[in-house]
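Enquirer: Dumping the structure here so I can ask a few things about it.
The values are calculated or read from the model by the stated rules, or taken from the named source; none is laboratory data. This structure is a prediction, so every number in the text was calculated from the model and none was measured. Cβ placement follows ideal geometry from the backbone for every residue including glycine, while neighbour counts extend to all protein chains displayed.
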Amino acid sequence: MLSFLILCHVWILLTALTRCREDATVSRFSVPEDHHISLQCSGSDGSDVVWTHQGRTVPVFRHEGDETNADPDRYHLRSDGSLVLRRLEQSDSGEYRCNQRLEAEVQVLTGRNFTVPAGRTLLLPCRGSHRLKQRWFHRRRPGGRRELIFTCFGNGVVKPEREGSRLRYKDEALHIQDLQPGDAGEYLCNGNLQATLTVLTVQPEPTSILTTSKTPTPEVTVTAKKKENKKTDNVLLMVAVVGLGLMILFLAAVCVLLTGMRCRRKKLSRTASQQPEDSELEPWETSITQTDCGVRNSPPLPEQTIHYASLGRQNWRERPSRTPPDQNHHNVIYSSVITRPAAR
């Protein structure tokens with residue numbers, strides 16, 4: 001019973017540890033509809049790839065190098081196993097798993113007013129401009145000052161204009177990684193408004209990442225930051241590791257104790273088997289004395305002889321009716337008494 005409980009506890013700790021690692025590696029994207037996105041499949045060589053969306057198999061997969069694609073207009077499987085979602089629709093929101101491993105969570109945005117939870121990656125394609133060179137601006141409030149944040153040149157060279165920027169360019173869109181409340185505002189590409197962004201900081205829940213808002217929220221209440229979420233994950237990971245270490249130490253102590261008891265029992269049985277058999281008893285004589293508490297052995301006691309003399313008649317002879325005239329009235333009687341001292 002104890003071993004079963006220990007195994008259950010170890011399994012729970014390992015599950016929590018795996019979940020923490022899984023949450024740390026999953027990618028969370030917010031993408032406008034009608035755009036496309038590429039989802040990476042980690043730990044795959046591309047020969048056997050099966051993607052699932054919300055528990056349903058995506059109609060493109062690869063087995064032993066042979067690919068099957070039932071909807072090539074919307075799905076494409078790259079050689080490394082990455083899944084390309086083309087022309088995103090609202091129904092494409094949800095979790096995506098590659099070979100049963102959670103890889104990404106996708107939120108499909110509609111319209112131009114986006115409300116996105118903090119910590120996610122927002123994709124902004126440059127629409128309404130045919131120039132190869134893209135210049136991205138950020139305006140914190142309508143009618144405010146524009147700030148150049150990113151430049152994508154026609155030859156493919158990109159240049160983040162902010163120092164320590166979280167911006168990059170991929171899948172023909174500007175990626176804003178790890179969204180923060182300060183990222184809220186208007187985004188313009190070559191002078192064209194692309195999106196009005198509202199950043200919400202909420203607790204990570206499966207349903208919150210799938211919610212799409214078509215109208216901006218008047219007031220944004222910031223209740224936490226993603227750094228706090230990461231700190232919580234690190235604490236959970238540390239607790240799981242420490243608990244697992246304690247369980248291993250406890251199992252080692254129990255094993256040592258059981259091994260010691262077993263060795264002690266073997267040693268006692270070996271000692272008992274090596275003892276000599278009882279030898280025959282040799283007769284010997286003792287002097288037995290009966291006491292009130294029972295029988296005890298004691299050596300024979302020495303005898304003593306007492307001699308004494310007295311005047312008078314012998315008391316063992318029949319006394320005559322009268323005393324003869326010639327009898328001496330002072331007869332001496334000699335007696336001997338053999339005595340033995342009382343036992344102690």
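Enquirer: Among the residues of the stretch 123-141, is there at least one that is under 22 Å from VAL26 (Cβ atoms) and either of a type in the set (Val, Ile, Thr) or modelled with pLDDT of 95 or more (or both)?
Expert: yes
Enquirer: Please return the ranges of strands (runs of 3 or more DSSP E) entirely within the stretch 36-118 where 3 or more residues are touching a residue at least 60 places away in the same chain (Cβ under 8 Å).
Expert: Counting at least 3 such residues, we get 37-39, 101-109, 113-117.
Enquirer: I'm trying to understand the selection: among the residues of the stretch 147-196, which are closer than 15 Å to LYS133 by Cα, among the aromatic types (Phe, Trp, Tyr) and crowded, with 17+ Cβ neighbours inside 10 Å?
Expert: Hits for the stretch 147-196 are PHE150, TYR169.
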